[in-house]
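So the structure is just underneath, and the comments pick up after that.
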Amino acid sequence: MKLHTLLKFLHPLVPYKGDNPEITAIHNDNRLVEPGSLFICIKGHTVDGHDFAQSAVEKGAAAILAERKLQLDVPVIVVNDTYRAMAVLADAFYGQPSRKLHLVGITGTNGKTTTSHLIEKIFSDAGQKTGLIGTIYTKIGNQTFETKNTTPESLRLQKTFKQMIDSGVETAVMEVSSHALVYGRVHGCDYNVAVFTNLTQDHLDYHKTMDEYRRAKSLLFSQLGNTFSHDKPKFAVLNADDPASREYIQSTAAHVVTYGIDQPADIKAANLKIAANGTVFDLITPHGVEKISMKLIGKFSVYNVLASIGACLVSGISLKQMIKSIEEVEGVPGRFELVNEGQDFAVIVDYAHTPDSLENVLKTIKQFAERNIYVVVGCGGDRDRTKRPLMAKIACQYATHPIFTSDNPRNEDPLQIIRDMEEGVKGKQYKPIVDRKEAIYYAINNAQKGDVILIAGKGHETYQQIGSEVFDFDDRVVAKEAIERR
């Protein structure tokens with residue numbers, strides 16, 4: 001694409017009448033620049049892309065997009081906000097790919113990953129080729145790719161959509177984080193359906209207040225647009241049991257579909273029966289009442305299923321097809337995942353890393369646990385400190401044997417993180433073990449027949465970050481080793 005053609009998509013007051021080279025790629029990482037690239041200078045928290053513009057030119061960049069004038073031998077286009085402009089140019093360069101997809105976005109504190117996997121399976125089982133973007137991986141058809149962020153930045157995201165289109169994908173499902181919404185990573189994404197799971201305390205190290213966190217999530221629904229289209233209608237699928245949904249209803253012009261258990265809703269679950277091997281409930285929709293018997297466990301899983309049904313129902317998938325798919329699901333990696341090596345006690349690995357998600361999982365375990373409940377739990381470093389005592393309090397409230405340990409300490413002292421947790425449970429009984437592997441071994445070596453062990457916080461993650469170093473660490477692998485050695 002010629003530079004002049006590409007720049008037509010930018011703000012009309014961006015002044016540029018210079019050379020018109022062919023742009024063959026767009027990058028914001030100078031290490032990836034190749035001849036013919038447009039290099040975008042992004043000023044980050046620790047690195048300023050403007051400092052690498054000359055390096056990009058030396059590698060063959062045909063043009064530079066910057067926030068200030070630079071003396072270089074190639075065209076330099078100056079804009080007020082290169083990060084915002086990057087989303088516009090990425091969408092244009094890759095041919096506005098999201099317009100060619102049926103795109104479902106899911107936001108909320110907990111449940112995004114499970115809900116996205118459920119929706120993706122339903123569409124796939126219905127005969128569509130699907131794509132998935134989220135915390136665990138990016139998936140195009142049957143191929144999976146490693147992912148760094150829950151929601152990639154705009155360049156990577158639009159390129160991924162283009163790859164999906166080229167591979168014949170019809171429906172794409174993606175997790176949309178609050179950070180992505182605030183930073184504008186999803187600007188240009190033409191969502192057909194936006195789903196809200198729930199809102200509980202998380203990421204306050206970044207958002208500072210729950211009001212700001214709630215507002216960030218609302219952006220997904222306001223960005224559905226302000227027009228009505230019969231050919232491509234927009235839908236907001238909202239959790240009627242979460243008070244934040246009232247604000248999101250006001251934030252969107254799209255058709256609103258609600259789901260819930262406790263409050264009136266378009267799609268409801270009733271008569272829940274939760275056991276150690278699954279959950280049974282009555283699904284109530286405008287099309288009638290159906291019974292669902294699924295392998296997923298817990299009330300929180302029912303919410304994820306209801307959200308998925310809402311998104312698929314408005315997308316034209318039959319209720320019969322949805323129920324069949326849901327009842328087949330074994331689970332999602334790192335989400336209430338059983339580690340079974342033939343032992344006579346249960347070991348569950350879950351990503352629960354917020355007070356609400358930890359409480360949901362422990363409440364569910366309490367419903368079927370025969371004897372003691374062990375919970376191995378920590379809190380991440382360089383993240384919201386205010387949730388640490390809350391996590392500890394919940395662990396002590398629901399578990400008979402709380403074990404406080406490290407999660408990803410990052411640049412904080414792991415012992416200090418545990419001390420912060422202890423502030424919420426003074427006078428309570430718990431065991432602090434800083435080394436996460438040692439904590440998992442302790443729980444497994446002490447568990448007796450009928451006990452349940454929850455290893456919380458990391459779920460699917462296969463690493464642990466201590467300081468600036470990243471080590472191989474998988475809770476599931478460590479638990480298996482501990483069981484085998486026992």
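Mind listing just one residue for me: the one in segment 326-338 that is modelled with pLDDT of 95 or more and surrounded by fewer than 21 Cβ atoms within 10 Å (Cβ to Cβ) and, of those, nearest to ARG476 (Cα to Cα)?
VAL329
Let me confirm something: among ILE122, ILE106, which residue is assigned to a helix (DSSP H, G or I) and closer than 23 Å to SER318 by Cα? Before the answer, list the steps.
Details: ILE106 fails: assigned to a helix (DSSP H, G or I).
None of the others qualify; the one that does is ILE122.
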Some residue of segment 468-480 being assigned by the TED database to the domain that holds THR354, modelled with pLDDT of 95 or more, open to solvent by less than 30 Å² (accessible area, probe 1.4 Å) and over 22 Å from the mean Cα position of the chain (by Cα):
yes
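Go over the candidates ALA87, ALA126 one by one and state the one that is small (Gly, Ala, Ser), at pLDDT 95 or above and not assigned by the TED database to the domain that holds GLN321.
After ruling out the rest, the residue left standing is ALA87.
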Selection over segment 411-430 where residues are open to solvent by 70 Å² or more (accessible area, probe 1.4 Å) and acidic (Asp, Glu) yields a count of 2
Please give the number of the condition PHE300 fails out of (1) in contact with a Lys or Arg (Cβ under 9 Å, 6 or more places away or on another chain); (2) assigned by the TED database to the domain that holds LYS426; (3) among the hydrophobic types (A, V, I, L, M, F, W, C).
(2)
If we take segment 404-475, then strands (runs of 3 or more DSSP E) inside it with 3 or more residues that are in contact (Cβ under 8 Å) with a residue 60 or more places away in the chain are 452-456
Test for GLN143: is it farther than 22 Å from SER318 by Cβ, of a type outside the set (A, V, I, L, M) and open to solvent by 10 Å² or more (accessible area, probe 1.4 Å):
yes
The residue from ALA456, ALA443 that alone is surrounded by 19 or more Cβ atoms within 10 Å (Cβ to Cβ) and within 25 Å of the chain's Cα centre (by Cα) is ALA456
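The values are calculated or read from the model by the stated rules, or taken from the named source; none is laboratory data. Given the structure is predicted, the values throughout are model-derived calculations rather than measurements. Glycine also receives a Cβ, built like all others from the backbone with ideal geometry; neighbour counts cover every protein chain displayed. These area figures cover heavy atoms from the full protein model, side chains too; ligands, DNA and RNA do not enter into them. Shrake-Rupley method; radii C 1.70, N 1.55, O 1.52, S 1.80 Å.
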